[in-house]
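Peer 1: Okay, handing you the structure first.
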Amino acid sequence: MKLKDIVKEFSLEVKAGSGNLDTDVTGGYVSDLLSDVLAHAEDGVLWVTLHIHQNIVAVASHKGLSGIVLVQGRQPEKDTIAKAEEEHIPILVSDLSAYELVGRLYKAGIRGAEAH
């Protein structure tokens with residue numbers, strides 16, 4: 001599924017990286033622990049988090065993630081948006097809780113990685 005299709009289907013607000021919405025989403029990952037995302041998220045996944053600081057962009061860029069969704073209507077900090085534009089990382093915002101959004105993403109066919 002393309003990131004632009006997820007944006008449309010879930011009425012996500014695009015805060016950064018609007019030029020990179022043709023990216024394929026290969027799965028999903030939800031975590032608010034940056035070290036967990038670094039250790040376990042896979043290339044191409046969409047990351048769901050409540051963090052708004054610029055460190056999320058560094059993690060997403062390093063891991064090759066397709067984008068970041070901020071939940072509960074949380075807005076990224078200005079320096080986070082600037083860094084995301086520089087790194088070509090889409091940042092999206094949902095008014096839903098992480099629990100609700102992840103359930104809907106799963107229902108739409110976005111799956112997480114299998115436990116090892």
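The values are calculated or read from the model by the stated rules, or taken from the named source; none is laboratory data. Please read these numbers as outputs of a predicted model, since none were measured by experiment. Neighbour counts are summed over all protein chains in view; Cβ atoms, including those assigned to glycine, are modelled from backbone coordinates with ideal geometry.
Peer 1: In segment 67-83, which residue that is assigned to a loop (DSSP other than H, G, I, E, B) and without any contact (Cβ under 8 Å) to a residue 40 or more places away in the chain is surrounded by the fewest Cβ atoms within 10 Å (Cβ to Cβ)? Spell out the reasoning first.
Peer 2: Residues of segment 67-83 that are assigned to a loop (DSSP other than H, G, I, E, B), as a first pass: 71-77.
If we keep only those that are without any contact (Cβ under 8 Å) to a residue 40 or more places away in the chain as well, we get 71-74, 77.
Values: 71: 22, 72: 13, 73: 11, 74: 13, 77: 13.
Among them, the one singled out is 73.
Peer 1: Scanning segment 19-36 for residues that are among the hydrophobic types (A, V, I, L, M, F, W, C) and more than 11 Å from the chain's Cα centre (by Cα), which turns out surrounded by the fewest Cβ atoms within 10 Å (Cβ to Cβ)? Please lay out each step first, then the result.
Peer 2: Initially, segment 19-36 is screened for residues among the hydrophobic types (A, V, I, L, M, F, W, C), giving 21, 25, 30, 33-34.
This time we only want the ones that are more than 11 Å from the chain's Cα centre (by Cα), so: 21, 33-34.
Working: 21: 19, 33: 11, 34: 15.
Top of the filtered list is 33.
Peer 1: Out of 67, 112, 73, 103, I need the residue that is small (Gly, Ala, Ser) and modelled with pLDDT under 95. Which one? Full working, then the answer.
Peer 2: Numbers: 67 fails: modelled with pLDDT under 95; 73 fails: modelled with pLDDT under 95; 103 fails: modelled with pLDDT under 95.
None of the other options fit; the residue is 112.
Peer 1: Could you list, ordered by first residue, the pairs with Cβ atoms under 7 Å in which the first is in segment 84-109 and closer than 11 Å to residue 48 by Cβ and the second is hydroxyl-bearing (Ser, Thr, Tyr), at least 6 apart or interchain?
Peer 2: Within 7 Å, the pairs are 101/94.
Peer 1: Continuing with the same structure: Under 7 Å between Cβ atoms, at least 6 apart or on separate chains: pull out the pairs that start in segment 13-39 with a residue that is closer than 19 Å to residue 1 by Cα and end on any residue that is of a type in the set (Asp, Glu) and assigned to a strand (DSSP E or B).
Peer 2: Close Cβ pairs (under 7 Å, with a partner that is of a type in the set (Asp, Glu) and assigned to a strand (DSSP E or B)) do not exist here.
Peer 1: Please tell me if residue 104 is assigned to a loop (DSSP other than H, G, I, E, B) and charged (D, E, K, R). First the steps, then the outcome.
Peer 2: Numbers: assigned to a loop (DSSP other than H, G, I, E, B): no; charged (D, E, K, R): yes.
No; evaluated as a whole, the condition is false for this residue.
Peer 1: Out of curiosity, is residue 8 in a strand (DSSP E or B), among the basic types (Lys, Arg) and out of contact with any Lys or Arg (no Cβ under 6 Å at 6 or more places or on another chain)? Spell out the reasoning first.
Peer 2: Values: in a strand (DSSP E or B): no; among the basic types (Lys, Arg): yes; out of contact with any Lys or Arg (no Cβ under 6 Å at 6 or more places or on another chain): yes.
When the stated conditions are applied, residue 8 does not pass them.
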